[in-house]
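There's a structure below that I have some questions on.
We did not get these values from a lab; they are worked out from the coordinates using the rules stated. Computed from a prediction, not measured in an experiment: that's the story for all the values here. We place every Cβ from the backbone using ideal geometry, glycine too, and count neighbours over all the protein chains shown.
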Amino acid sequence: MSSTPKRLRSTQWFDNPDNPGMTALYLERYLNYGLTREELQSGKPIIGIAQTGSDLSPCNRHHLELAKRVSDGIRAAGGVPIEFPVHPIQETGKRPTAALDRNLAYLGLVEVLYGYPLDGVVLTTGCDKTTPAMLMGAATVDLPSIVLSGGPMLDGHFEGELVGSGTVVWEARRRLAAGQLDYDKFIDMVAGSAPSVGHCNTMGTASSMNAMAEALGMSLPGCAAIPGPYRERAQIAYETGKRIVAMVHEDLRPSKILTRKAFENAIVCASAIGASTNCPPHVIAIARHIGVELDIKDWDRIGYEIPLLVNMMPAGKYLGESYYRAGGLPAVIGELIRQGKFHADALTVSGRSMGEENAGKRSIDADVIRSFDDPLAEHAGFAVLSGNLFSSAIMKTSVISEEFRDRYMRRPGDEDAFEGRAIVFEGPEDYHHRINDPTLNIDENCILVIRNCGPIGYPGSAEVVNMLPPDALVRQGVNQLPCIGDGRQSGTSGSPSILNASPESAVGGGLALLKTGDVIRVDLKDRSANILIDEADLAARRAALTLPDLVNQTPWQEIHRRFTGQLETGAVLENAPQYQRVAERFGVPRDNH
Ligand SMILES: CC(C)(O)[C@@H](O)C(=O)O
């Protein structure tokens, strides 16, 4: 560190002799609740705590408590904490989708970080989209930033069974359809998966995205897996608060951490943990906001060959507490480093490299966190498919069950491929209305397709692609049919759907041309998915295609539809990635009076 400390950004609000009138105006209102001139004018970094917790956001709600420990840490290191609210994004509460709000929360955070007297920020994360929204905002503004995740709930139990968030819903729904549960027991079973504060205790999108933040180097090592109620969670909140003050003095900004190597690490890590299918769009979105090239095909190219190491639902059998006790993400990264699959020289917010932090870390429960010699599955990354149905869609190969492989992918002479008669649904309402319609003649040779569920069509993109077969098939023991869609699906689902299809049907993607009864062929060997139809027929269908009339119900839906791109490129506001390193490039904004 240089001996003359850098003049902090916040002094241009609170201690600017060139404009004493404005300095007084900026100061006096922050003094009015008890802050002192000494705190605001003696060169202490002002640290924002971006608060994503609220009563509307139960997954992140305990950040309201954790923020106190963060503040203690900031104070102990000589900074001044200022907590501020972030637009809530609760995956399980927001209609029509929480996906609609990721970019809205991002926009809000950019304005706060850029427009207020902050020198650094603690990004509180938890529920799925809070993590990418916070990282995207931090990337755009590029102030020193550190992630504090809230951690998963404790493990869930119901009548002696381990029940995990989200994953239990799909299993309980199957039991309800098969007549093995009544409605009250169904609700009790699902509620059993949520025993405490925290986000999903499965390797759903929340655990996956917080692991991505750690693998990217944006949280303190070991942060992501600590369960929400554990004492270590509050302790790391304190350490995070201390660390961000040092990061301000070191000028350690996201642009120094979020490099191409960091993103390659995130991809490798996603395969090893059996991460959510929501990771590719969110991680690509973060990359685009920091200006790193990351293509959807990189997920297949870099991640496909990596084995599944973490035995956690939905790809495995354990939940968050076992995973944490087995060593959490550091044990996974340690193994990836030993196998030469991880860039050990990538930097983390600690100021040390991934290798310095994790190289010596090992699993202490070989069944929960496996080694490369004994993985849960080989080649467990995402397969990225394309063809006349879409330019890209992903399939999470770590959740392809033996039953699914036997039924669809082990046909002699045509392994890894399947064909089926398409049953097309126009959205989840249509699916629920017609799935049990006997005239559809759905059998185990069918492929269920859902469209109009992408970022523009829905809007926001809904988690609906993992469709349960008709009740009659479920009663016969057919629990899964191949599913394809332009929506997303819950990270907690064990369905090997082909999803996030881009471009989506509502903007004229190939799925819009599909008709019930068409035969679809999926071939994992050459990564293709096509309607078996001749070119002339397909061209005629395209010529006759009319796009749906989309009704905007709120002003934001209209703005979102005008600016948002497709899932394969992160579904970002397409005007946003051009704004990079905003704080450095533009300095502080103009005075407001
Ligand atoms: C379980 C939810 C709500 O679907 C989501 O959190 C995910 O894991 O994708």
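From the phi angles alone, apply the Karplus equation (6.51, -1.76, 1.60; θ = phi - 60°) to segment 247-259 and give each ³J(HN,Hα) in whole Hz, x where the residue is Gly or Pro.
Each residue's phi maps through the Karplus curve to give 4, 5, 5, 8, 6, 8, 10, x, 5, 7, 9, 7, 9 Hz.
Please identify every one of the trypsin sites (Lys or Arg not before Pro) in segment 7-68 that sits in a loop by DSSP and has no more than 15 other beta carbons within 10 Å of its own beta carbon. Kindly include the intermediate steps, with their values, before the conclusion.
Numbers: sites: R7, R9, R29, R37, R61, K68; in loops: R7, R9, R61.
Of the trypsin sites (Lys or Arg not before Pro), the ones in loops of segment 7-68 whose Cβ has at most 15 other Cβ atoms within 10 Å are R7.
Taking 0.36 nm per residue of sequence separation and subtracting the Cα-Cα distance, how much length would be gained by fully extending the chain between D345 and D373, in nm to one decimal?
Gain on extension, D345 to D373, equals 7.6 nm.
Turning to a different aspect of this structure: For every other residue with a beta carbon closer than 12 angstrom to the beta carbon of A266, add +1 if it is Lys or Arg and -1 if Asp or Glu, then tell me the sum.
Within the 12 Å Cβ shell, the charges total -1.
Taking H placed 1.01 Å from N in the peptide plane, check which residues at least 5 places from L148 or on another chain put their amide H under 5 Å from its amide H.
Distant-sequence amide H within range of L148: L123, T124, T125.
Something else about it: Among S193, S386, rank each residue by its count of other Cβ atoms within 10 Å, from fewest to most, as a rough exposure measure.
Neighbour counts put them in this order, fewest first: S386, S193.
Right, another one. Debye sum, Cα scatterers, segment 423-479, no solvent: what log₁₀ I/I(0) at q = 0.18 1/Å?
-0.60
Mind listing the long-range amide H neighbours of R370? Cut-off is under 5 Å, sequence gap 5 or more, other chains count too, H placed in the peptide plane at 1.01 Å from N.
Amide H neighbours of R370: V310, N311.
Cross-link list K242/K317; K185/K317; K129/K261: which exceed 32 angstrom alpha carbon to alpha carbon?
Long pairs (Cα-Cα over 32 Å): K242/K317.
Neighbouring Cβ atoms within 10 Å as the yardstick, rank D406, D128 fewest first. Spell out each step's value before the answer.
Values: D406 9, D128 32.
The fewest-first ordering by Cβ neighbours comes to D406, D128.
With each label point set 7 Å from Cα along the Cα-Cβ vector, what nm distance links T36 and N441?
Placing both labels 7 Å beyond Cα along the Cβ direction yields 8.3 nm.
Give me log10 I(q)/I(0) at q = 0.16, 0.18, 0.22 Å⁻¹ for segment 73-212, Debye formula, one equal scatterer per alpha-carbon, no solvent.
One equal scatterer on each Cα of segment 73-212 leads to -0.87, -1.01, -1.28.
A further question on this structure: Using only the C-alpha atoms of segment 382-544, find the volume of their convex hull and express it per residue in Å³.
Spread over its residues, the Cα hull of segment 382-544 gives 113 Å³ apiece.
Which net charge results for the neighbourhood of Q90, defined as the other residues with beta-carbon distances under 15 angstrom from its beta-carbon, given Lys and Arg at +1 and Asp and Glu at -1?
0
Could you check what % of the DSSP bridge pairs in the chain are antiparallel, to the nearest 5? Before the final figure, lay out the partial values.
On the way: 24 of 53 bridges.
So the antiparallel bridges in the chain amount to around 45 percent.
A follow-up question, please. Reachable aspartates and glutamates from K44, Cα under 12 Å, same-chain residues fewer than 8 places away excluded?
D15, D119
Compare the peptides 233-246, 194-207 by average per-residue count of other Cβ atoms within 10 angstrom and give them in order, highest first.
Ranking, from highest mean packing down: 194-207, 233-246.
I would also like to ask the following. From Cα pairs below 8 angstrom and at least 6 apart in sequence, can you work out the relative contact order of the chain, rounded to a whole percent?
Result for the chain is 14 percent.
Here is a follow-up. Output ³J(HN,Hα) for segment 466-480: one whole-Hz value per residue in order, computed from phi by the Karplus curve 6.51 cos²θ - 1.76 cosθ + 1.60 with θ = phi - 60°, and x for Gly and Pro.
6, 8, 6, x, x, 3, 4, 5, 4, 5, 7, x, 8, 8, 9
Let me check against my output: what whole-number percent is the relative contact order of segment 382-544, with C-alpha pairs under 8 Å and at least 6 apart?
29 percent.
Could I ask something else about it? Along segment 426-443, what does the Karplus equation 6.51 cos²θ - 1.76 cosθ + 1.60 (θ = phi - 60°) give for ³J(HN,Hα), rounded to whole Hz, x for Gly and Pro?
7, x, x, 5, 4, 4, 5, 5, 10, 4, 9, 6, x, 5, 6, 6, 6, 10
When only alpha-carbon atoms count, how far does the chain stretch along each of its three principal axes, as whole angstroms with the largest first?
Principal-axis extents of the Cα atoms in the chain, largest first: 78, 54, 47 Å.
Which value at 222 nm does the chain reach when only helices count, each DSSP H run of 4 or more adding -39,500 (n - 2.57), with the total divided by all residues and rounded to the nearest 500 deg cm²/dmol? It would help to have the intermediate numbers written out before the result.
Working: 22 runs with 212 residues, N = 593.
Result for the chain: -10500 deg cm²/dmol, rounded to the nearest 500.
For segment 234-319, report the convex hull volume of the alpha-carbon atoms normalised per residue, in Å³, without decimals.
119 Å³
So what's segment 290-440 giving for Rg/Rh, alpha carbon basis, Kirkwood Rh from the mean inverse pair distance?
Here the Rg-to-Rh quotient is 1.06.
I would also like to ask the following. In terms of modelled amide H atoms, which long-range or inter-chain residues lie less than 5 Å from the amide H of I447?
Long-range HN contacts for I447: R421, A422, I423.
Based on other C-beta atoms within 10 Å, arrange Y26, Y106, Y323 from fewest to most.
Numbers: Y26 22, Y106 27, Y323 32.
Fewest-to-most Cβ neighbours within 10 Å comes out as Y26, Y106, Y323.
Trypsin sites (Lys or Arg not before Pro) within segment 495-567: which are DSSP loop residues with at most 12 other Cβ atoms inside 10 Å? All intermediate terms of the calculation are to be shown ahead of the outcome.
Working: sites: K515, R521, K525, R527, R541, R542, R561, R562; in loops: K515, K525, R527.
Here the sparse-neighbourhood loop sites are K515, K525.
So how far apart, in nm, are the two label points at R405 and S255 if each is 7 Å from Cα heading toward Cβ?
4.7 nm
Here are some pairs, K297/K396; K341/K525; K297/K361; K396/K525; which of them have Cα atoms lying more than 25 Å apart in this structure?
Pairs exceeding 25 Å: K297/K361.
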